[in-house]
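Rule-based calculations on the coordinates, nothing more; no lab input. Everything quoted here is computed from the prediction, not taken from an experiment. Glycine also receives a Cβ, built like all others from the backbone with ideal geometry; neighbour counts cover every protein chain displayed.
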Amino acid sequence: MGLRDVDAHSHVISAPIGRVVKELVDLLGPTLVATIGGVNETRAVAQWLDERKPQRPQVLRFALQLALMVGTVGDVAMIRAWFQGSNPHLNDRSPAILLRSRQLEEIQESLMSAARAFAAAIIQPNVTHPNTS
């Protein structure tokens, strides 16, 4: 289970951007962080880790907030799948692609709602999966 939205928000707002990038790389990997950060190469992510300022720090902070809400460090595969997969709460769009291609103010509310819905489903699973009787 991830952090509550308020706790995740407090964490990412108070962390220096280099730490935000490091935590994102640890959770999502450099390729996905590059995608979310709007760059084409992981070399830029390595430079962010080496104190170069990212072009879209607010997007990276928000991505870390979402990642911390949907899982924990032990759930890296699940967190990555959430960011990369088609999300029914986002009209079957991928959170990572939305973060890369849209302005944050356009998508922030819907992404937060999708993360909250996912976190709630983890806490209170009520979905019956086929072939699991």
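Quick look at the numbers
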item: Stokes-Einstein translational diffusion, segment 32-76 - Kirkwood Rh over all Cα pairs, 1.306 mPa s, 10 °C, in µm²/s; result: 142
item: For ASN87, distant residues with modelled amide H under 5 Å away; result: ASP92, ARG93, SER94
item: Difference of contour (0.36 nm per residue) and Cα-Cα distance, MET112 to ASP26; result: 28.9 nm
item: Segment GLN47-VAL76, extension gain: residue separation times 0.36 nm, minus the distance between their alpha carbons; result: 8.2 nm
item: Cα-Cα pairs of the chain separated by more than 19 Å (percent); result: 47
item: Theoretical gain in end-to-end length, SER86 to ALA120 [0.36 nm per residue, Cα-Cα removed]; result: 10.4 nm
item: In segment 1-101, trypsin sites (Lys or Arg not before Pro) in a DSSP loop with at most 15 other beta-carbon atoms within 10 Å; result: ARG4, ARG52
item: Selection from VAL21, HIS89, ALA77, by position along the positive dipole direction of the chain (Cβ); result: VAL21
item: Value at 222 nm in deg cm²/dmol, rounded to 500, when DSSP H runs of n ≥ 4 in the chain each add -39,500 (n - 2.57); result: -20000 deg cm²/dmol
item: Dipole magnitude (debye, nearest 20) for the chain, charges at Cβ of Lys, Arg, Asp, Glu; result: 200
